[in-house]
Amino acid sequence: MMCYYRLFVLLALSSFVVESRHLKGNSYELSSFHRSRTNATIEPKIWAVLVAGSNGFVNYRHQADICHAYQNLKNGGVEDENIIVFMYDDIAFDIENSRPGVIINKPDGDNVYKGVPKDYTGEDVNVDNLLAAILGNKTGVRGGSGKVVESGPNDHIFIYYADHGGAGILGMPSGVDLTAKDLMNTLKKKHAAKSYKSMVIYVEACESGSIFEGLLPKNMNIYAITAANANESSWGTYCPGEFPSPPSDLDTCLGDLFSISWMEDSDIHDLRKETLDQQYQLVRRRTAVDDMVGASHVMQYGNKTIAKQFVFNYMGANPKNDYYSPSSSDDSSLTTTPSIVSQHDATLLHFWHKFRNAPEGSPKKTEAHKLLMDELSLRKHIDESVNQIISVVFGQEKVPEMLNTVQSAGNPLVHDWDCFKMLVNSFKKQCGSTSRYEMKYSRAFANMCNAGVHINHATLAITQACSTNSPPP
């Protein structure tokens with residue numbers, strides 16, 4: 001009887017062990033299933049905000065840049081619902097566009113306009129809507145699709161901006177321009193809300209380093225790179241008369257050097273294997289060429305450890321590039337720098353080529369000549385206005401100091417950002433232009449604020465100067 005009892009116990013224990021293993025397996029499978037479900041719930045999303053801050057066919061390149069960026073993201077698997085596009089949308093069907101409905105970002109490029117979401121266009125491309133969209137504030141946007149960044153604490157955000165810029169400001173086609181301080185305050189609110197895991201910002205604009213210099217902390221999980229440092233121009237490329245040139249029927253620059261460099265890299269590389277820093281190094285080398293006059297310096301700001309992450313985390317990855325090899329023939333183009341034109345001079349180049357290419361004695365020749373002369377007159381008007389403003393407020397002897405003083409590296413552009421915002425937006429309202437030539441003087445207004453200018457005195461001087469120096473009608 002005892003033997004049967006022992007046998008029963010052994011069989012029971014054996015059964016228990018087997019059952020325990022079985023249960024343990026189920027428990028593992030259930031746990032694994034639970035984790036996969038949990039991970040599916042909290043799987044990071046990519047959110048993207050793409051901003052072209054200009055309008056007019058003369059600024060074709062900025063919207064072309066943004067459309068190209070959209071195609072990169074779309075090909076990388078990012079859903080339209082997670083991509084928010086700000087662009088005036090006035091060049092694809094502009095009368096000057098010989099290819100209606102087509103925008104290209106390189107001379108032999110595909111149509112990058114196809115399929116681009118029209119989230120915020122026309123007058124809806126403004127500072128208030130942009131900042132509200134970044135914050136995820138649906139009640140803060142007016143017009144447009146109403147789409148905002150509804151990100152969570154595990155999500156990655158990519159922001160890309162392309163346009164004219166000046167010290168401390170980024171241009172917008174409608175209303176006031178975006179100051180570095182207003183952008184920074186928005187980013188701080190986004191960080192305080194714990195509504196992202198990490199963020200990457202690319203900025204194409206003149207003096208774009210001034211947007212982050214001395215302002216972007218390292219503890220906000222934001223990594224930014226800019227097309228230029230705080231004191232220099234960024235550059236248009238694929239411009240008429242340069243090499244390589246756009247097609248003969250397009251007399252405008254097709255892209256910007258910094259922008260086409262990172263996007264053409266993304267077009268062919270496997271972004272699951274390329275880090276942000278590797279992309280930065282490639283773009284830096286292509287942009288800052290020693291034998292190019294005035295080449296700009298691509299800069300890094302914020303939390304640079306993020307640069308160790310793969311580009312894929314912020315832009316997705318095109319499956320077609322899974323088998324990319326560094327020996328690919330396409331790769332050679334990424335080490336070749338096309339001819340460049342200063343952002344400030346791209347408008348003049350456009351009007352010059354319109355004039356040069358128009359038939360002699362034709363109405364088109366007369367119209368093109370007027371456009372060119374008007375732009376030159378406008379620049380003279382702006383130059384004289386700034387000189388007069390400084391002279392009235394500080395005296396003629398202070399003009400060189402106000403125009404040329406540069407903050408030391410690591411320090412923000414200005415101490416009183418409210419003063420700066422008031423002056424630059426007043427000047428834009430009184431003396432502004434589609435070419436945004438006036439933005440080159442934003443540093444002078446920063447220096448005026450740093451010198452303790454009386455705001456009312458300065459704004460009155462701006463109004464008087466801009467109305468006195470006879471701008472073209």
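The values are calculated or read from the model by the stated rules, or taken from the named source; none is laboratory data. A quick note: this is a predicted structure, and the numbers were derived from the prediction, not measured. Here the Cβ positions follow ideal geometry from the backbone for every residue, glycine too, while neighbour counts run over all protein chains shown. Heads up: the accessible areas ignore ligands, DNA and RNA and are worked out on the full protein's heavy atoms, side chains in. Shrake-Rupley method; radii C 1.70, N 1.55, O 1.52, S 1.80 Å.
Nearest 5 is fine: what % of DSSP beta bridges in the chain come out antiparallel, could you say? So the antiparallel bridges amount to about 35 percent of the total. Computed from label points 7 Å out along Cα-Cβ, the spacing between Asp383 and Thr336 is 3.6 nm. Once the chain from Ile95 to Leu376 is taken as fully extended at 0.36 nm per residue, the excess over their C-alpha distance is 98.8 nm.
Computed over the Cα atoms of region 251-408, pair by distinct pair, the Kirkwood hydrodynamic radius stands at 19.7 angstrom. Temperature 10 °C, viscosity 1.306 mPa s: under these conditions the Stokes-Einstein estimate for the chain, based on its Kirkwood radius over C-alpha pairs, is 66 µm² per second.
Here Glu401 and Val102 are evaluated by their C-beta separation; at R0 = 51 Å the FRET efficiency comes out at 0.60. The residues neighbouring Pro117, those whose beta-carbon lies less than 14 Å from its own, together hold a net charge of -2 under the Lys/Arg +1, Asp/Glu -1 convention. Determine the sum of side-chain charges near Leu135: Lys and Arg each +1, Asp and Glu each -1, restricted to other residues whose C-beta is under 10 angstrom from that of Leu135. Once positives and negatives cancel, what remains is +3.
For Trp47, nonlocal amide neighbours, meaning residues 5 or more places apart or on other chains whose placed amide H falls under 5 Å from its own, are His156, Ile157, Phe158. Pairwise Cα distances in region 172-247 exceed 22 Å for 38 percent of all pairs. The portion of the accessible surface of the chain made up by carbon and sulfur, rounded to a whole percent, is 55 (1.4 Å probe; DNA, RNA and ligands excluded). Relative contact order, whole percent, for the chain stands at 15, derived from Cα pairs under 8 Å and 6 or more residues apart. If R0 equals 22 Å, the separation of the Cβ atoms of Ile268 and Lys114 corresponds to a calculated FRET efficiency of about 0.65. Rounded to the nearest 20 debye, the dipole magnitude of region 358-469 is 260 debye, with +1 charges on Lys and Arg beta carbons, -1 on Asp and Glu beta carbons, and the Cα centre as origin. Pairs with C-alpha atoms separated by more than 18 Å, drawn from the list Lys106/Lys365; Lys194/Lys218; Lys398/Lys429; Lys147/Lys197; Lys114/Lys354, are Lys106/Lys365; Lys398/Lys429; Lys147/Lys197; Lys114/Lys354.
The ellipsoid that matches the Cα gyration tensor of region 333-473 has semi-axes, each √(5λ) in whole angstrom, of 33, 21, 11, with the longest given first.
Between 0 and 90 degrees, the angle of helix 417-431 with respect to the longest Cα principal axis of the chain falls at about 50 degrees.
Rolling a 1.4 Å probe across the protein heavy atoms gives region 46-341 an accessible surface of 36 Å² per residue.
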